[in-house]
Amino acid sequence: MTATIVNEFVRLPQSFVPGNGQVSNYDVWISPFIRDMHIIIPGVLFFFVVQHALGFIASRTLPRFRALSAKEQLDWCVRGIAVVNGVMCQRSTYLWLSYLWNMPDGFTYDMYTPLPGYRESLALLNAYFLWDFIVCIYYGWSRAYTIHAVASGLGMYLCSFPCSDLWSPYYSGVYELSNMCFHGAQMIRMVTDQSKSGWRTTLPGLGDAFFVVWFFVIRLAGGVFTSSRWLTLMAVSMYDGTVHNYSAGVVMMLLFGAVIGVQFLWAGEVIEGVKSALRGKPQQVIAEQAENHEKKAK
């Protein structure tokens, strides 16, 4: 694959040229895993190592962690992996935003132009969702968690063709900032005395505030806008017969459409959490609302 350089702007050749005929199901469902296996498998092992390392370190340095139940300790460690993944995902955000910033005039914003350097970050995200799925199965978590792991993982995996490199970083990078702050806030609350003022309550409060703002501005409003544009582009490609693969296109449309629906579903829970916080209930209300939603889904 030879890159074209125009005024220091690198544009890789399209992964698929519309009109050349569709690629096989093997190309979209199997080949990406084989190609990125050297990143995905070590990535899954990495997340498991970090998960247990977090528990080991916390049990020896945080007295309140030792007082938590086994289920709560697991929850704390899993949240820690979500924070780690959120930090790692910001490489995708940087690659995407810097690419958009440097785009020359007349650049065509399409589905099949690869984003330089993005494949490795996407493979690591696939490893995270595979780890997430294994954790859901092993610990017997509810269907809601498991379905989320499968749907999110499959959606990102199908982008590994590569397809939608100039779209998917919005979900694989920008979205994750809110998750990182949300889970980080809950982790602090779980291992600190919330009856005391100072950083113990200030940091989680700031994390919650950022999560709420980011959720409604980026995940809900921005997500609906981005998903709608992508769905329109994919629908036109499907109708014109210029999509890279029909089966992948159908599944991706269902998943991207579900993203919109899920954001509206979660919005109700977030609003209830904010209302509870304004009524003076404990600061962990947003987490409790999410927990209540999870119980309803079991």
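The values are calculated or read from the model by the stated rules, or taken from the named source; none is laboratory data. What you are looking at is a predicted structure, and each value in this text was computed from that prediction instead of being measured. Every residue, glycine among them, receives a Cβ derived from its backbone with ideal geometry; neighbour counts consider all protein chains shown.
For this structure, a couple of remarks:
- If you go through region 8-51 and pick out every residue that is assigned to a loop (DSSP other than H, G, I, E, B), under 28 Å from ASN85 (Cα atoms) and charged (D, E, K, R), you end up with 1.
- Looking across region 115-165 at every residue that is at positive phi and more than 16 Å from the chain's Cα centre (by Cα), the one that is modelled with the highest pLDDT is identified as GLY117.
- Within region 87-114, restricting attention to residues that are surrounded by fewer than 23 Cβ atoms within 10 Å (Cβ to Cβ) and closer than 22 Å to ALA248 by Cα, the residue that is nearest to the chain's Cα centre (by Cα) is PRO114.
- Selection count where residues are in contact (Cβ under 8 Å) with a residue 60 or more places away in the chain and exposed (fewer than 14 other Cβ atoms within 10 Å of the Cβ), scope region 49-86: 2
- Restricting region 244-276 to residues that are of a type in the set (Val, Ile, Thr) and at pLDDT below 95, the residue that is farthest from CYS159 (Cα to Cα): VAL274
- Residue that is in contact with a Phe, Trp or Tyr (Cβ under 8 Å, 6 or more places away or on another chain) and touching a residue at least 12 places away in the same chain (Cβ under 8 Å), where the choices are GLY205, GLY155: GLY155
- Screening GLY280 against (1) at pLDDT 80 or above; (2) more than 27 Å from GLY140 (Cβ to Cβ); (3) among the small types (Gly, Ala, Ser) leaves a single unmet condition, (1).
- Criterion (out of contact with any His (no Cβ under 7 Å at 6 or more places or on another chain), surrounded by 16 or more Cβ atoms within 10 Å (Cβ to Cβ), not polar (S, T, N, Q) and not in a helix (DSSP H, G or I)) met by exactly one of VAL251, VAL259, VAL243, VAL212: VAL243
- Breaking point among (1) surrounded by fewer than 17 Cβ atoms within 10 Å (Cβ to Cβ); (2) under 18 Å from ALA82 (Cβ atoms); (3) touching a residue at least 40 places away in the same chain (Cβ under 8 Å), for GLN194: (2)
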